[in-house]
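The values are calculated or read from the model by the stated rules, or taken from the named source; none is laboratory data. Nothing here was measured: the structure is a model prediction, and the numbers come from that model. Counting neighbours? That spans all protein chains shown, and the Cβs are built from the backbone with ideal geometry, glycine included.
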Amino acid sequence: MQEYFENIIETLQENIRELSMEIDNPIVFSELAVKLSLDTLSELKKYVLEHSFQNIEDEIWFFKNIKPKILSKLIYHNSVFRTETKKPNGGEKIIRKYYEAQLAKLKNYFENNLEFYKYYRTGNTFLDDHYFVRGKYDIKLSLDTYFFESDHSFTTSHDYKVAKIIANDQLQVYLENELTNLYKTHSREEKELLLSGLKWTAPKVSLIELLYALHADGVFNNGAVELKEIAESFEKIFNIDLGQFHRVFLEIRIRKSSKTKFLDNLKETLIKRMDDADEN
């Protein structure tokens, strides 16, 4: 049973990671990630309802450690989707104020659930048989409305809270990164660093794949140039922030599909254009 749970989590993480490499638009990406998370959660529920836990300890372990990992992805990506679809049109100050308001909501949730945060963060277990066993709940333990609306055959009183804590941690990082990117974009505009009228509209991962290929072949300055310098030039030419391109390259290397997906597609497209030109 444990092996099944670990595999289903790993598969979901891999699918979301590959999705993130192909789609830069946060609204499109989060919508698809929500669907992946929902499908995985449904599969997990079906398995749990068909296979009984051997003891209370196994049930606690599942609802405290396994289900929240998957549910947190659903909560996180749905939160990003709602955040981005409700983001107001306007300048840097308006958007900054909006993101800061979203961070304030996270702080409010933390303050309203401070006791459970402490319990969970410090690794306490003395209330686990109340928090993470189905059919046991105490209205005085600050329950989320979600609990009363959920299927109690697959829900305990606090597995959602654990998932919410994990998701909020991720959402905080996302919002803080967006605020940082706002500052970078504003600074670039002020300093007129975006010199080109070109804009890279393919997925960011494709440009990073091309970046590494050109650097590996030494096509710039007879190969006597650092990867970072080429990346910075690409950012200016194509009006794009490549971010942590080293991390993206590591993800490209462990792709289950072709490691050179973009370059393969370029080759096929160019050959087709040549063939079409020959026919004409």
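Here are the numbers:
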| quantity | calculated |
| --- | --- |
| Odd one out for Val48, checked against (1) among the hydrophobic types (A, V, I, L, M, F, W, C); (2) under 17 Å from Tyr76 (Cα atoms); (3) touching a Lys or Arg at 6+ places or on another chain (Cβ under 9 Å) | (2) |
| Whichever residue in region 10-30 is farther than 15 Å from Val205 by Cβ and surrounded by 18 or more Cβ atoms within 10 Å (Cβ to Cβ) and, among such residues, is farthest from the chain's Cα centre (by Cα) | Leu12 |
| Residue check, Leu250 surrounded by 13 or more Cβ atoms within 10 Å (Cβ to Cβ) and either out of contact with any Gly (no Cβ under 9 Å at 6 or more places or on another chain) or not hydrophobic (A, V, I, L, M, F, W, C) (or both) | no |
| So Glu43, is it within 29 Å of Ser206 (Cα to Cα), assigned to a helix (DSSP H, G or I) and of a type in the set (Asp, Glu) | no |
| Candidate set: region 140-168, residues that are part of a helix (DSSP H, G or I), of a type in the set (D, E, K, R) and out of contact with any Leu (no Cβ under 9 Å at 6 or more places or on another chain); chosen: the one modelled with the highest pLDDT | Glu149 |
| Members of region 17-40 found to be assigned to a helix (DSSP H, G or I) and under 21 Å from Asp241 (Cα atoms), listed by number | Arg17, Glu18, Leu19, Ser20, Met21, Glu22, Pro26, Ile27, Val28, Phe29, Ser30 |
| Which listed residue is modelled with pLDDT of 90 or more and either over 20 Å from Ile23 (Cα atoms) or of a type in the set (A, V, I, L, M, F, W, C) (or both), from Leu214, Leu242, Leu250, Leu194 | Leu214 |
| Boolean, Lys69 is more than 23 Å from the chain's Cα centre (by Cα) and not assigned by TED's automatic domain parsing to the domain that holds Gln244 | no |
| Lone qualifier among Tyr137, Tyr120 - being modelled with pLDDT under 90, closer than 25 Å to Asp58 by Cα and in the same structural domain as Asn168 (by TED's automatic domain parsing) | Tyr137 |
| Residue tally, condition surrounded by fewer than 21 Cβ atoms within 10 Å (Cβ to Cβ), free of Cβ contacts under 8 Å to residues at least 60 places away in the same chain and in contact with a helix residue (DSSP H, G or I) (Cβ under 8 Å, 6 or more places away or on another chain), over region 41-61 | 4 |
| Residue in region 65-82 that is surrounded by fewer than 19 Cβ atoms within 10 Å (Cβ to Cβ), within 18 Å of Ser153 (Cα to Cα) and not aliphatic (A, V, I, L, M) present | yes |
| Qualifying residue in region 3-21 (condition: closer than 19 Å to Ser153 by Cβ and of a type in the set (D, E, K, R)) | no |
| Single residue of region 92-115 satisfying the filter (basic (Lys, Arg) and without any contact (Cβ under 8 Å) to a residue 12 or more places away in the chain) that is surrounded by the most Cβ atoms within 10 Å (Cβ to Cβ) | Lys105 |
| Arg188 vs. criteria outside any loop (DSSP other than H, G, I, E, B), over 19 Å from the mean Cα position of the chain (by Cα) and modelled with pLDDT under 90 | yes |
| Test: residue in region 256-279 that is over 17 Å from Ala202 (Cβ atoms), modelled with pLDDT under 85 and not in a helix (DSSP H, G or I) | yes |
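Results for (1) of a type in the set (Asp, Glu); (2) in a helix (DSSP H, G or I), shown as yes or no for each residue.
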{"residue": "Arg82", "(1), (2)": "no, yes"}
{"residue": "Gly90", "(1), (2)": "no, no"}
{"residue": "Tyr99", "(1), (2)": "no, yes"}
{"residue": "Phe116", "(1), (2)": "no, yes"}
{"residue": "Asn124", "(1), (2)": "no, no"}
{"residue": "Asp129", "(1), (2)": "yes, yes"}
{"residue": "Val173", "(1), (2)": "no, yes"}
{"residue": "Glu176", "(1), (2)": "yes, yes"}
